[in-house]
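The structure under discussion appears below in the form of structure tokens.
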Amino acid sequence: KNKDQFFTPASITKLFTASTALLVLKPDFKFYTSLYLTGKIKQGTLAGNVYIKFTGDPTLTSKQLNTLILQLKKNHIHSINGHLYIDANSFDNNYYPSGTTVDDINFNYAAPISSVIINRNAFNILIHITPSELKKVTLSSPTTPSITYHNKLKLEKSPDCTPTINSNMLNNYTLQGCIKNPNKAEEITLPLAIRNPLLSADKTIVMLLKQNSISAPHGILYASTPDSARLLAQTESPPLSKLINQMLKHSDNLIANSLTKTLGHLKTGKPGSWRSGVNVIKETLADRAHINPEHIHLLDGAGISRYNLTTAQTIAHLLQFIQKTPVLEKYLIPALPIAGHDGTLTYRMKNLHHNESFRAKTGTLTGVSNLAGYLTTRNNKHYIVVILADNFTSKANSIRQIEDKMVLALANQ
């Protein structure tokens, strides 16, 4: 029904991105974050510059970054006479795709996509509440030194109270609005996105240099790493095969969109952009899967953009192609959530989980609920299932219940 009508794919988009990444980058692809030097070391002082080259590794942690900086100390460098440069030129500085809503950018699922990603460009604020008063708001992560926050929250009796967050590019966050006065003490976790990842990286590197007793009196600047610089140390991500598993099982937007910009960067040799990355996805699937690029209107690779559009027929075509392509069958299909068992389908269709009969990608936005995957019926029939629903105003759970009943009806055939 309506198989050629355009719908908002939401996170079903990740099927297009995962397929392209595995075909173009290959399953053993890794992200690298590297430390380079120029000049010579004399009596504990580097008479030259240090470059930290970031490439959009979505798994990079401040602990790994500290391991890189520690290599300076291990090479008897206690002072940098030149500059420490952040090389953030693998991606452009357009952090959000067109069609991202203003409400989304404060939250961790829409963290900015930059060459510099540390601790997922996200952090938590914990709100501790007692029934009589707002006790305190504290940051849960000490690894985000650029963050400042202001607490303007109030307790109210209204059940409709919700906190709101305003933020800016100085990484200042204001929590305001109201929270329902609870009957007993409770804790609310707000998983937020760092708005300015370069500022956060700057402050984090300064902190790590200080912790390792390394002075950089001339400060931190931004530049590309010169060809003459020599590699001192490097940290790497897990291979793409494992990143794809995390990306699909848990609908990880950060991994999907970092891969999108990486595809654009490696194709063009220029800083990866939303457009260049999406073009690689469309061109690759047109060439390899014979999918009409006019039927894939994408602004990002994760499904965050409200402007993304595709058809159920196109998704079904892609799922058929995945089944017939060895590298995709090997790495992508096992990464799909299993109904009633894991990932985003853990709590849905639990009676299908014993024989792992339904593997599918979910896609959810406000007013959007989608499913796309592979079903094996009780009588060992095999179906590709694509269900797209959008523009509804009811709660998503009511739509999911209908979707689940449809899948269960098919499964019992």
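Within segment 29-46, what residues put their amide N at less than 15 Å from the label point 7 Å along the Cα-to-Cβ vector of His218?
37-42, 45-46
Karplus couplings for segment 360-365 from phi (6.51 cos²θ - 1.76 cosθ + 1.60, θ = phi - 60°), rounded to Hz, Gly and Pro as x?
For segment 360-365, the Karplus-derived couplings read 7, 9, 9, x, 9, 9 Hz, x marking Gly and Pro.
Nearest 20 debye, what's the magnitude of the dipole of the chain about its Cα centre given +1 on Lys and Arg Cβ and -1 on Asp and Glu Cβ?
580
Hey, which of these cross-link pairs are over 32 Å Cα-Cα: Lys267/Lys361; Lys63/Lys324; Lys30/Lys73; Lys203/Lys242?
Beyond 32 Å: Lys63/Lys324.
Mind running the shape call on the chain? Use the C-alpha gyration tensor, a ≥ b ≥ c as the square roots of the eigenvalues: rounded below 1.5 for a/c, prolate if a/b tops b/c, oblate otherwise.
Numbers: a/c = 2.25, a/b = 1.34, b/c = 1.68.
It is oblate, given that a/c is not under 1.5 and a/b is not larger than b/c.
Please tell me the relative contact order of the chain in percent, rounded to the nearest whole number, where contacts are Cα pairs under 8 Å and at least six residues apart.
22
What residues qualify as long-range amide H neighbours of Lys154, i.e. H under 5 Å apart, gap of 5 or more or another chain, H built at 1.01 Å from N?
Gly177, Cys178, Ile179
Going by a ≥ b ≥ c, the root eigenvalues of the Cα gyration tensor, does segment 344-387 fall in the rounded group (a/c under 1.5), the prolate group (a/b larger than b/c) or the oblate group? Display every interim value, and only then the final one.
Working: a/c = 3.23, a/b = 1.63, b/c = 1.98.
It comes out oblate by the Cα gyration axes.
Given the Cα atoms of segment 246-297, and with Rh set as the inverse mean 1/r over their pairs in the Kirkwood sense, what is Rg to Rh to two decimals?
Details: Rg = 11.7 Å, Rh = 11.5 Å.
Taking Rh as the inverse mean 1/r over Cα pairs, Rg/Rh reads 1.02.
How about Lys270: which lysines have a C-alpha closer than 17 Å to its C-alpha, ignoring those fewer than 8 places off in the same chain?
Of all the lysines, those that pass the test against Lys270 - Cα under 17 Å, at least 8 places apart if same chain - are Lys53, Lys261.
Name the lysines eligible as straight-distance cross-link partners of Lys180: C-alpha to C-alpha under 26 Å, and not fewer than 8 places from it in the same chain.
Candidates past the 8-residue exclusion: Lys135, Lys136, Lys152, Lys154, Lys157, Lys395.
Nearest 500 deg cm²/dmol is fine: what mean residue ellipticity at 222 nm does the chain get from its DSSP H runs of n ≥ 4 alone, each adding -39,500 (n - 2.57), divided by its residue count?
Result for the chain, helices only: -9000 deg cm²/dmol.
As a test of reading the structure, rank Ser98, Ser19 by solvent-accessible area (1.4 Å probe, protein chains only), most first.
Ser98, Ser19
Going by a ≥ b ≥ c, the root eigenvalues of the Cα gyration tensor, does segment 1-145 fall in the rounded group (a/c under 1.5), the prolate group (a/b larger than b/c) or the oblate group? Display every interim value, and only then the final one.
Working: a/c = 2.90, a/b = 1.37, b/c = 2.12.
Cα axes put segment 1-145 in the oblate bin.
Peptides 319-327, 31-39: what's the order by average Cβ count within 10 Å, highest mean first? Working shown, then result.
Numbers: 319-327: 14.9, 31-39: 20.1.
Most protected by this proxy first, the peptides run 31-39, 319-327.
Sorted by packing (mean other beta-carbon atoms within 10 Å per residue), highest first, where do 193-200, 374-381 land?
On the way: 193-200: 22.6, 374-381: 13.2.
Descending mean neighbour count gives 193-200, 374-381.
The values are calculated or read from the model by the stated rules, or taken from the named source; none is laboratory data. If you're wondering where the values come from, they're calculated on a predicted model, not measured in any experiment. So basically every Cβ, Gly included, is an ideal-geometry build from the backbone, and we count neighbours across all protein chains shown. These area figures cover heavy atoms from the full protein model, side chains too; ligands, DNA and RNA do not enter into them. Shrake-Rupley method; radii C 1.70, N 1.55, O 1.52, S 1.80 Å.
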